[in-house]
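The values are calculated or read from the model by the stated rules, or taken from the named source; none is laboratory data. Because the structure is a prediction, the values reported are computed rather than measured. So basically every Cβ, Gly included, is an ideal-geometry build from the backbone, and we count neighbours across all protein chains shown.
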Amino acid sequence: MRPASIPHTFVTAAAALALTAAGLSPAFAESGKKFIQHAVQGDNAEIDMGRLATQKSGNQQVKDFGNMLLNDHTTAKNQATDVGRQIGVKPSDGMPRAARREEHKLQGMSGAAFDKEFVNYMIKDHQKAISEFQRQAKARDKATADLAKQQLPTLQKHLEMAQSLKSKM
């Protein structure tokens, strides 16, 4: 065995042992890490778009919804970041490409057109997030499964509010 491979082998074995001791297999830990990365990026998008809604909407209910998104997803991001640190995930300031494109589109809109586009996007985005969180809630990675279970009711409340707003437009 080459001496250079000993540290790598030792580190890999130590990491696998630590994950096993924590009740996680390396494969499950990796899926938990990806979940945290996606959750934080999604929170970043919701925070930015919620802020945008408070600035651009002409409808007080949409502004209030945007403010709720801003507050709730700031809390969710902090929770996900804490869990991420526990499992070795560095928090991200980025957001998904689709959300970045949507935010760019929304920046050029205002009033009723903004409200309609924003609410429709929030419905689709929260449906997708709920599906991902429901899957993670069943994962063997206890830390991320618990986080997903904890955050699901808030995501479902956001979806219901967006659907209610859409019905009033």
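List of remarks:
- Residues in the range 60-101 that are part of a helix (DSSP H, G or I), among the hydrophobic types (A, V, I, L, M, F, W, C), in contact (Cβ under 8 Å) with a residue 24 or more places away in the chain and more than 22 Å from MET169 (Cβ to Cβ): ALA76, ALA80, VAL83, ILE87.
- When residues of the range 116-148 are limited to those that are polar (S, T, N, Q) and farther than 24 Å from ASP82 by Cβ, the one surrounded by the most Cβ atoms within 10 Å (Cβ to Cβ): ASN120
- Positions within the range 89-100 being in contact with a helix residue (DSSP H, G or I) (Cβ under 7 Å, 6 or more places away or on another chain), more than 12 Å from ALA39 (Cβ to Cβ) and at pLDDT 90 or above, in sequence order: GLY94, ALA99
- Count of the range 16-31 residues which are in contact with a Gly (Cβ under 9 Å, 6 or more places away or on another chain) and either part of a helix (DSSP H, G or I) or at pLDDT 95 or above (or both): 1
- Whether a residue is in contact with a Gly (Cβ under 9 Å, 6 or more places away or on another chain) and assigned to a helix (DSSP H, G or I) was assessed, and ALA139 does not pass this test.
- Looking across the range 102-127, the residues that are without any contact (Cβ under 8 Å) to a residue 24 or more places away in the chain and either within 17 Å of the chain's Cα centre (by Cα) or not in a helix (DSSP H, G or I) (or both) come down to GLY108, LYS124.
- Any hit, the range 153-160, residues being more than 20 Å from MET49 (Cβ to Cβ), surrounded by fewer than 18 Cβ atoms within 10 Å (Cβ to Cβ) and under 16 Å from the mean Cα position of the chain (by Cα): yes
- Residue list for the range 59-76, filter: over 15 Å from the mean Cα position of the chain (by Cα) and crowded, with 21+ Cβ neighbours inside 10 Å: VAL62, PHE65, GLY66
- Residue selected from the range 40-58 under the condition in contact (Cβ under 8 Å) with a residue 24 or more places away in the chain and closer than 18 Å to LEU159 by Cβ, by the criterion farthest from the chain's Cα centre (by Cα): ALA53
- Matching residues in the range 77-115 - criterion: being surrounded by fewer than 16 Cβ atoms within 10 Å (Cβ to Cβ) and of a type in the set (Lys, Arg): ARG85, LYS90, ARG97, ARG100, ARG101, LYS105
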